Structure formats: C-alpha cells, structure tokens
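Have a look at the structure below before the remarks.
The values are calculated or read from the model by the stated rules, or taken from the named source; none is laboratory data. Everything numeric in this text was worked out from a predicted model, so none of it was measured. Cβ placement follows ideal geometry from the backbone for every residue including glycine, while neighbour counts extend to all protein chains displayed.
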Amino acid sequence: MPVRPVFIVHGIGNQKKGEVLTAVVEPWVQFLGKHLGIENVHLEADIRPQTGPAHATITFGDERWEIWEAYWAQSFHPLKDVRVLTWGFSTLLRQTWSIFRGFNYFSKREPYPNPSPFVYHRRPIGWTAWVSDKLVGYLAVTLFVPLYVMSLLAASVFFVLSQLPVGAIQPKLGEVVTKLTEALVQGPGDMAAILLSETRLASMKNELKQLMLSKISSGPAGEPAPERATVIAHSAGATVAFAALSDGSLWDAWDHGMPGPKEISFLTVGSSLNLAWRSDSNHPIWKRGLDPRVRWIDFWARYDPVPHGPAAREMQAEARGRNEGFFESVRVINLDNPFTDHVTYWGNHPEVVSRFALEIAGLSEETVAGAEEADGNLPPEREALVKAVRVALNDIQGHRIRIGAMSLLRAFVPFATLAVVTALDFATPWDTASFLGGPLLEIMLPGEQQINGVVAWLAGVAVIAVALYALWQFVRLWFVEPKLSKDYPALGRGKKLG
C-alpha cells in the first residue's frame, strides 16, 4: 500500500493543536466520500494528542494518506509589543497600498504563462464574477484614499495610546488598548517574529523540518521512503514552510544517508510570501532558494487581503534563482468576499480540494485529461479518483457563476436597503429612517439632547439593514439550511455528483 505523506502548516494566531488539520482534512473526506462512496473511505484521527503532532490517516483501496500538522505556534516567544506595533505600521503603509493596486488587477493580464496545458488551465471567471469584480473594484478604488488616510491616523493614535499610561486616567480605555495590543502581538505579531528574528524563525521552521525527517525517512521497516511528499501551507505558514524547504540542511540529510522523497509538492494557500517580500526583499530566506525538486503551486483568491494577488514575479524569480523548477500561479474563486476569502480555501471542492487530491495522489494531468477508455489500466481507487477530479473540473464554471451571483447580491444589499427606506417613506406619513433612528439613539445615548438630521437617518437605515439581515437569517434557518443538510453530500451522504 503506497503511503502519501502530507504536512499541514498553519497560519498566524494562537492556534490550537489540530485545529487547522481538522479544517483541512474534513473537506477531503467529504470529497472522497462523495465520489468514491463513504463506505470505501476510512478515516483515523488524533487531533489533540498529549504528545507529538496532530495526525490523521485517510485510506481508500490501496491508497494511504498520512497527514501531519506542523504545529509551530508554541515554538517561539512573542516579540515585544512596541516592535510588533512599529513593524505593523510600516507594513500598513506598504501592504495597504499594494492592496489598492490589487483592486485594479481585474484590468490587467496574468503575470505568468500557463504551465498547465491540460485540465487545470486558467478558466474564465464567469460573467457574474466579472461584473462583481468591476463593481467591487471601482467602489474600492473610490473609497480607498479616505479609508487609507483614516487607517493610518487610527494606527498612529493607537500606537501613541499604547505607549502612554492611559489606564491610570481611563481604566476602561486602558483595558481596551491592552487587549487590542495583545491581540496584535498574538496574531499579526507572528509575522513580525518571522521577519524580524532569525532565532524565532529557525525554531518555527524546525517544527516542519524535524517532522518531515522523522515521518518520511523512518517509515515502516523494509519499505522504501515515499517518492513524493506534499506540504500544504496557509497564510504565515507559507513563509515558515518556505524557509524550511529552502534550508539546505533538510536536503543534505536526504542526499547523504537518510532516505527522502524525490519530489515535494509545495502548495501555498492564501500565502503571506507577498507580504514578506514587500516587507523585506533582502531577507535571508530569499537568498537560499527552493530546491528544484520542489513543485511550487500558489493558490490565491482575488479578494484575499493577505496575498492580494499572485506571487510577486520578482519574489518568485528570486526564490527560484538559478535552480528554476516548477511554479504555477492559480487564482481560485472562494466566496469573492474580502472578509472570508482567506479562510475558505479548504471547502472549495472544485478548484482547491480536487487539485490537492491530484497532487497528493501523484496523478498526472495527462491522466486526468486522457480518454476514459484508458482508465481501466489504473488501480480501481485511482480510477475513481481520476473520475472525481473530472467531475470537480466540470463544476468549476458553475461554481464560479454561483459565487459571482452571490457577490452581486451582496453588492446590491446597500441599494436594497435604500430602496426599502424609500418605499417606506412613500407608504408612511413620516420620515421612516429618522423615525426609527431617533429611539435607537435615545437608547444608546441616554440623557443626551435629541439628535435629528443625518445622524438619526443613518441610524434608522442601520436599523432597517439589521432587520433585513435578520429576515434573511430566519429564511436561512427555516428553508435553506434544512435543504442543505439533506442534499449537501457531507461524508458522502445526500446527492452524488458522479
């Protein structure tokens, strides 16, 4: 039974052991169960072990996927808050501007040639997503400058407050500042630790290096080391994994005595490497370069604010150096929502999960693109997996049209709210928004003089928007979710697509 080792590298924040592994593995089991039959897919998991890494095993037929989480969250001490805040402000200056440029990306050509001439070639994003891109893009460009200035001012004020003993004067304000500072240190501060401290980065990447050496090089007695391994890294974990895979000592161990893989698929998802490159293009990690045995595939969603676009061409060239090697930039459509795109790759069956399965199983795109008559030459489980990938590929366009339609609906929510306000103004003898906003302001600001005009009107519009949202949640609870729980093929149950 061939063993396919997979290593999951989590992103920033005070992660819990096994949390990201659970989020990644669950959709894989759904995907495999949906297409191969849940009775044919066996899952074992230990996501909260007392010692050692979180681990899961997926078995179907003669395929065995061994999945390990490289848990680096507790491998270092956080930086001092002043270093995190000053680094964060500098990053805000650069990162926000690059996000602004990214909003214009829909009008530009792809910066990379397409290395996949078969099944995963670039596909049109669909007319609904195209329209949504235009609406959101132009709106974002219009709002960017005032929001950018406001964010810089807010960050400046917050930094000054964090350095003053405000708690002695205003205890509640001091408590808020302290909690926000702790959240920044425990969250984005991880990225600062990666870029500002070689010692901390060495400790982080060591988690992945030692895990790979122990699990790949010391397999069952008498069995050769797997020829292929897969590393899937999310967010800041992409920079940690990049540092590990570009560390010469890892490859030296495999080249001089220890059995190792002949190829590693390095799948970066919502990668922080663009942020790292723009923060410090002279950082030592870029000088080491990836080994040519690493197949680097970079997945990014258009509205994910972390990569905010494809891997920078200069960074990709520097990372590869003279070694070259395989690289592919893959834009995917998650939910086309800047608030959720960064964490919704895992459930994207057509574009992400199917490609993960292709890479983990070591299937070639020629096989998937080949004639179905040739599938009979494959083992049954690999034949079924090829068919599953084909079904997913056929669903990409439909998936993109659906997501684009949902994006358009979200874009029209403000207009729908204003339409409801206008309709109520015609149907009632009073100014509806101000009529609703006045009591709300009295509750929020007791004892204050009555506030009318624009403020009351805006408060009333907010009340109507919340009411519409509550109505949608009610409809979702009674009509949408019951249908999804019945028809959605979680763990193979419900409707099958293949």
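Considering only residues of segment 315-369 that are at pLDDT 85 or above and basic (Lys, Arg), which is surrounded by the fewest Cβ atoms within 10 Å (Cβ to Cβ)?
Per the criteria, the residue is ARG331.
Being among the basic types (Lys, Arg) and in contact with a Gly (Cβ under 8 Å, 6 or more places away or on another chain) narrows it down to one residue among ARG288, ARG278, ARG313; which is it?
On inspection, the qualifying residue turns out to be ARG288.
Hey, which of the helices (runs of 4 or more DSSP H) in segment 196-277, taking only ones fully inside, have at least 1 residues that are over 27 Å from ALA312 (Cβ atoms)?
On the way: elements: 198-217, 236-245, 248-255.
Filter on segment 196-277 gives 198-217, 248-255.
Determine if segment 25-41 includes at least one residue that is assigned to a helix (DSSP H, G or I), in contact (Cβ under 8 Å) with a residue 12 or more places away in the chain, under 30 Å from ALA192 (Cα atoms) and not hydroxyl-bearing (Ser, Thr, Tyr).
Yes, the conditions are met somewhere in segment 25-41.
Being hydrophobic (A, V, I, L, M, F, W, C) and either within 22 Å of MET212 (Cβ to Cβ) or not assigned by TED's automatic domain parsing to the domain that holds THR199 (or both) is true for just one of TRP277, TRP296. Which residue is that?
Details: TRP277 fails: either within 22 Å of MET212 (Cβ to Cβ) or not assigned by TED's automatic domain parsing to the domain that holds THR199 (or both).
Of the residues listed, the single one that is hydrophobic (A, V, I, L, M, F, W, C) and either within 22 Å of MET212 (Cβ to Cβ) or not assigned by TED's automatic domain parsing to the domain that holds THR199 (or both) is TRP296.
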